[in-house]
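What follows is calculated from the coordinates using simple rules that are stated; it is not laboratory data. Just so it is clear, the structure is predicted and the values come from calculations on it, not from any experiment.
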Amino acid sequence: MNKKQIIKYPLSTEKSIRLMESENKLIFVVDKKAKRSEIKKEIEELFNAKIVKINLFINIKGEKRAYIKFSDESPAIDIATQLGLM
């Protein structure tokens, strides 16, 4: 799968900001065909961050979202700042 297609964009909603502050998580909208391992590899390469866990969710509109929990040494708020979310 082409790298540009895996991760589409980060979500910047009230819920995503709360998750970032309380659980060190970020939410990304990803390609529907992307596998957990592909998403993990892509995020780790892009942001040089360690990932603890990835939960995937497909909403009613058919969007696939990846809830990514980062390790303590990779604060989600730093990654959000790199992305311009903060």
The chain, relative contact order in percent, only Cα pairs under 8 angstrom and at least six apart counted: 30
Debye equation applied to the C-alpha atoms of the chain, log10 I(q)/I(0) at 0.13, 0.16, 0.24 Å⁻¹: -0.36, -0.55, -1.29
Phi to ³J(HN,Hα) by Karplus 6.51 cos²θ - 1.76 cosθ + 1.60 over the stretch 26-33, Hz, x for Gly, Pro: 10, 10, 10, 8, 10, 5, 4, 8
